[in-house]
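The values are calculated or read from the model by the stated rules, or taken from the named source; none is laboratory data. In this text, all values refer to a predicted model and were calculated from it rather than measured experimentally. A quick note on method: Cβ atoms are made from the backbone with ideal geometry, for glycine too, and the neighbour counts reach across all protein chains shown.
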Amino acid sequence: MQKLSSELQRLYLFGGQAYDAQAPAIDVVSADGMVRTLVIDFHKTADEQHWLRLCDVANALQTELGLPAPAVSVSGGECYRLWLSLAQPIAAAQASQFLALLHKAYFEDEQIDLGRSTVELPPCLHKPTGLWAAFINPGMGGALAEDLGLEMPPNDNAQAAFLERLNSISAEEYAQALATLHRKHEAAANALAAVVAPTPAAAARNATTPAELLLKDATLEDIVRHLHAMGIEPTFRHVLKN
């Protein structure tokens, strides 16, 4: 128990907080409005898509954003969770912004609570289901996709072993990830704008083509340009006369 408490303190608890399996709900926002633990839920879906989505996001956090591996847990019946630990706490508003950027980039179709103030810290009994919330081995998580909880309380030493390999996100890693997310969203916005707005050349062509083109006055080039502007790809068939 001492080892487990030490690991939970190192990663997720503020000074003065303590792990209590009988009262597991902890404040993730300190009295002075700071956050050091970010939690992302992946709710149960058909065909175990919640597990596959979690894996995709966990991999992206590491490969695209350069962050250390997050912890993975089952909540005891409702969802999988990813746990991100910050070496230096940030303001709650900044934490919400960072989660919102992650949400938009990687799991926009998943529900997210940007204003979460408390969370049940594993390992603990999830009373509504009678199952245990626990940190799990990421390589074995798919086996729990249906129940999302353990029938028996997990071993404290095993829980500590899952956590001792993990590192908190340094201030430098956080800043780099935040900058990468901003660039990603800026690139996506620019790409969308390029699709919606016509290029100068296309705008110039459209300007030279009357909206109500009279076919009797139009050249073949005018007709093709007009059809393209309407999103139609013309097909011409040459008919041989007898």
Quick check on this structure: which one of ALA177, ALA160, ALA145, ALA171 is within 14 Å of SER75 (Cα to Cα) and in contact (Cβ under 8 Å) with a residue 12 or more places away in the chain? ALA145
When you check PRO89 against the structure, is it touching a helix residue (DSSP H, G or I) at 6+ places or on another chain (Cβ under 8 Å) and surrounded by fewer than 19 Cβ atoms within 10 Å (Cβ to Cβ), yes or no? no
Consider SER73 carefully, then state whether it is crowded, with 17+ Cβ neighbours inside 10 Å and more than 14 Å from the chain's Cα centre (by Cα). yes
Kindly indicate whether LEU65 is at pLDDT 95 or above, in the same structural domain as THR180 (by TED's automatic domain parsing) and more than 21 Å from PHE14 (Cβ to Cβ). yes
Within segment 1-50, how many residues are free of Cβ contacts under 8 Å to residues at least 24 places away in the same chain and more than 21 Å from PRO154 (Cβ to Cβ)? 8
Residues within segment 135-162 that are under 21 Å from the mean Cα position of the chain (by Cα) and under 30 Å from ILE90 (Cβ atoms), tallied: 6
Quick one: which strands (runs of 3 or more DSSP E) lie wholly within segment 92-152 and hold at least 3 residues that are surrounded by 14 or more Cβ atoms within 10 Å (Cβ to Cβ)? 124-126, 131-135
crowded, with 19+ Cβ neighbours inside 10 Å, of a type in the set (A, V, I, L, M), part of a helix (DSSP H, G or I) and on the phi < 0 side of the Ramachandran plot: is that true of ALA58 in this structure? yes
With the structure loaded, tell me whether LEU181 is surrounded by 15 or more Cβ atoms within 10 Å (Cβ to Cβ), assigned to a loop (DSSP other than H, G, I, E, B), at pLDDT 60 or above and of a type outside the set (Lys, Arg) or whether it fails that test. no
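Can you pull out every residue in segment 18-32 that is under 23 Å from LEU67 (Cβ atoms) and not in a strand (DSSP E or B)? First the steps, then the outcome.
At the first step, the residues of segment 18-32 found to be under 23 Å from LEU67 (Cβ atoms) are 26, 28-30.
Answer for segment 18-32, where residues must be under 23 Å from LEU67 (Cβ atoms) and not in a strand (DSSP E or B): VAL28, SER30.
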Do we have GLN62 as under 23 Å from ASN167 (Cβ atoms) and out of contact with any Ser or Thr (no Cβ under 9 Å at 6 or more places or on another chain) here? yes
If we scan segment 62-80, do we find a residue that is free of Cβ contacts under 8 Å to residues at least 12 places away in the same chain and either out of contact with any Asp or Glu (no Cβ under 9 Å at 6 or more places or on another chain) or outside any strand (DSSP E or B) (or both)? yes
